[in-house]
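The block underneath contains the structure these notes are about, expressed in C-alpha cells.
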Amino acid sequence: MSLIFSPLTEDALEGPFQPIPKGVFIMLQLGEGISRLEVDMDTAVDEILTRKKFEPIKATTRRGHKDYLEKIIQIIRGCGFGVAIFSEYTSASTLANIFFEVALCNLLGKPVIIVKSVDAKAPSDFVRTEWVTYTAGKGAKLKKEFTESVNSIVELADFYEKLGDIAMEAEDVDLELAFERYKQAFL
C-alpha cells in the first residue's frame, strides 16, 4: 500500500489510530441549513446501517482534542467505509468539504457510497460514479438501493478476508500479503 501523508503535518499516516469496528463515516451538511431532503436521506441511511449493525459516525459526534481535519482523517482511518449525502440544497462550501472527505476516503482505501437527491448535481469528476438517488417520497426505493450498496461492500470485505485466510494457510506463508488482505477486509 502507498504511503499516505497528513495534509497538516506532512507525516506519513502509518502510526496508530483508533479502529472503529463496524463504523461508517457519514459526510453531509450538518447544523443550520440542512434541507428536509438531506434529513430524509440521512434518516434512511442511519436506519439501514443500524439494522445491519453498523455505527453511523459524523464528525460532530466524536470529540477530539486536535485539529478538526486531523480528527476527520483519524475517524476515516478507523471506519470501514463512508457515505456521502447531498442534495441540490447543500451549500457549495459544504459540498466541497464532502468531496474532499470522499477523496480522503479513497486515498485511505475506504469505499464510499454516494447518496444524492435526484436534482443534485455531482461535481464533474464524479459524473460517471454510481450513486443512490433519492426522490422525495420514495424512501422505500432509497432504502432498497442503499441496502444493496452496503451488501456489495460487505461482500467485498468477506472476499478479502477469505484471501487473507488462504494466504495464512499457504505452505510458505507471506505474512505481509496476508496482513494486507486482512486490512482490505476493513469491516
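Values computed for the structure shown
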{"quantity": "Given (1) touching a Ser or Thr at 6+ places or on another chain (Cβ under 8 Å); (2) surrounded by fewer than 20 Cβ atoms within 10 Å (Cβ to Cβ); (3) not in a helix (DSSP H, G or I), number of the condition residue 66 does not satisfy", "calculated": "(1)"}
{"quantity": "Pair list, Cβ under 9 Å, 6 or more apart: region 150-172 residue farther than 13 Å from residue 186 by Cα, other residue acidic (Asp, Glu) and open to solvent by less than 50 Å² (accessible area, probe 1.4 Å)", "calculated": "167/180"}
{"quantity": "Meets criteria (under 16 Å from residue 27 (Cα atoms), among the aliphatic types (A, V, I, L, M) and part of a helix (DSSP H, G or I)) for residue 76", "calculated": "yes"}
{"quantity": "Residue pairs meeting the criteria (Cβ under 9 Å; at least 6 apart or on separate chains; first under 18 Å from residue 30 (Cβ atoms) and in contact (Cβ under 8 Å) with a residue 40 or more places away in the chain, in region 47-67; second surrounded by 11 or more Cβ atoms within 10 Å (Cβ to Cβ) and aromatic (Phe, Trp, Tyr))", "calculated": "49/146"}
{"quantity": "Search result, residues across region 15-62 that are acidic (Asp, Glu) and open to solvent by 10 Å² or more (accessible area, probe 1.4 Å)", "calculated": "32, 40, 42, 46, 47, 55"}
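Residue by residue, here is whether (1) open to solvent by less than 80 Å² (accessible area, probe 1.4 Å); (2) under 24 Å from residue 80 (Cβ atoms) holds:
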site	(1), (2)
101	yes, yes
136	yes, no
139	yes, no
144	no, yes
150	yes, yes
176	no, yes
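The values are calculated or read from the model by the stated rules, or taken from the named source; none is laboratory data. It should be emphasised that the depicted structure is a prediction, and the values quoted were computed from it without experimental measurement. Don't worry about glycine lacking a Cβ; one is built from the backbone with ideal geometry, like all the others, and counts go over all protein chains shown. We work out accessible area using only protein heavy atoms, side chains counted, and drop any ligands, DNA or RNA first. Shrake-Rupley method; radii C 1.70, N 1.55, O 1.52, S 1.80 Å.
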